[in-house]
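The values are calculated or read from the model by the stated rules, or taken from the named source; none is laboratory data. Model, not experiment: these values are computed from the prediction. Cβ atoms come from the backbone with ideal geometry, glycine included; neighbour counts cover every protein chain shown.
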Amino acid sequence: MKDGLRFVDCDMHIMEPPDLFDRYLDPAFKHRVSTPVGADGRPTRGLSGMIYIDGLPTSDSDVQQYRKRRRPGPTNSTQPLSGSRLADTGRLDFAIERKYNGEAQVMGMVMEGVDIAVLYPTTGLSLIARDDLDPQLSLALCQAYNNWIHEFCGHSPERLKFVAMLPVHDVHLACRELVRCVRELGAVGSFVRPNLVNGRYWHSNYWDPLYTLHEELGVTWGFHEGSGALYSHMNVLYGENRFYRHVASHWIEMQQALIAMIIGGVFEFHPKLRVGFLEAQNSWAPGILSRIEWDYPQYRDSHAPYLTLTPREYFRRNLGKSAEERPAGDRRADPDGRRAPLRVHRGRLQEGRRRRGRRPHHRRDASPVGKDCR
């Protein structure tokens, strides 16, 4: 609780343990995954992307040939956890001492005033983010993560919820894993990156079984972008500059996914599908909706005759957005980073009135970005 209000964080991240695959990956696939090790020979935390699968890095964000990080230094952030990933502040000592376990996660939530959190991965965002990955290996990696995060949430199941990682390299395997995670492990939804997988558009009929299953199970499909994925078009456009790619990917890839979901008829043919766009802020949404509506009279009849609602109507019915909360009175981040935003995301901004004194309802099948996160 914060300022007398109860909050649901719709997009809170965890830190995966370095030995996750040693403990949870199917032994038949362990020889295809390598991780950094320490002097004791045990897995240790390394730079982002240093988990190798079939000999390839899972991300290039920290293994670029010429990129070097700045030395650790002080931060000007006034928020308890904001900026803690960028500087040696000591603010995460409580989490490091507990190896980022469930207890540490809840402690961080208490510091931020968050009552319930829907958890997303960190390293896992890029774990299977490449084309032509063996579907069975993709499934094994997802199962390892999903089994671990399920146990992680067991520390405080009323406060910690998770969304399933799906093996999108085979839609039928993805469907089976979604059913397992929702019915057996209690997942409240799923997440995928908005980047196209093996060149398949999000409005392709290929994804229909997975969209339908989300409707039938009553759980949310979440798009969550990152940076450094080997199959991202941003790599082609911007090369090694992570600053370029991070700015562009979190908006442009999301915009392209939203265009596909609306114009491509996904929401027309799947009216009960709930979709969230996470960690992408929200100011781009009105602009892209206005552009779609500008072209709607000219192209709807000839190129999308199946559409029966306006773009805004689809948006209100099927979508949720998230935003990053800033300190009180702060409307923009200063160039020197003194007003860095918190990593706390609230869904459904178009319906974002906060109600005092009421506990948010959070069912097992609750949406991570929907009415339950108002």
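Taking the stretch 236-280 as the range and being modelled with pLDDT under 85 and of a type in the set (S, T, N, Q) as the test, the residues that pass are 241, 249.
Residue 48 meets all of the listed conditions (1) assigned to a loop (DSSP other than H, G, I, E, B); (2) at pLDDT 95 or above; (3) among the small types (Gly, Ala, Ser) but one, namely (2). Assess whether residue 230 counts as being under 20 Å from the mean Cα position of the chain (by Cα) and at pLDDT 95 or above. Answer is no for this residue.
Table: residues versus (1) touching a strand residue (DSSP E or B) at 6+ places or on another chain (Cβ under 7 Å); (2) within 23 Å of residue 15 (Cβ to Cβ); (3) crowded, with 22+ Cβ neighbours inside 10 Å; (4) among the aliphatic types (A, V, I, L, M).
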residue: 143; (1), (2), (3), (4): no, yes, no, no
residue: 157; (1), (2), (3), (4): no, yes, no, no
residue: 162; (1), (2), (3), (4): yes, yes, yes, no
residue: 178; (1), (2), (3), (4): yes, no, yes, yes
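Flag: residue 314 matches the condition of being in contact with a helix residue (DSSP H, G or I) (Cβ under 7 Å, 6 or more places away or on another chain), hydroxyl-bearing (Ser, Thr, Tyr) and modelled with pLDDT of 95 or more. Among the residues of the stretch 193-219, those that are under 17 Å from the mean Cα position of the chain (by Cα) and of a type in the set (Val, Ile, Thr) comprise 197, 219. Determine whether residue 138 is small (Gly, Ala, Ser), touching a Ser or Thr at 6+ places or on another chain (Cβ under 9 Å) and either in contact (Cβ under 8 Å) with a residue 40 or more places away in the chain or within 29 Å of residue 207 (Cα to Cα) (or both). So residue 138 fails the test. Criterion first (of a type in the set (D, E, K, R), touching a residue at least 40 places away in the same chain (Cβ under 8 Å) and out of contact with any strand residue (DSSP E or B) (no Cβ under 6 Å at 6 or more places or on another chain)) does residue 184 satisfy it? Considered against the rule, which asks whether it is of a type in the set (D, E, K, R), touching a residue at least 40 places away in the same chain (Cβ under 8 Å) and out of contact with any strand residue (DSSP E or B) (no Cβ under 6 Å at 6 or more places or on another chain), residue 184 comes out as no.
Right, residue 212: polar (S, T, N, Q) and surrounded by 18 or more Cβ atoms within 10 Å (Cβ to Cβ) or not?
Judged against the criteria, residue 212 is not a match.
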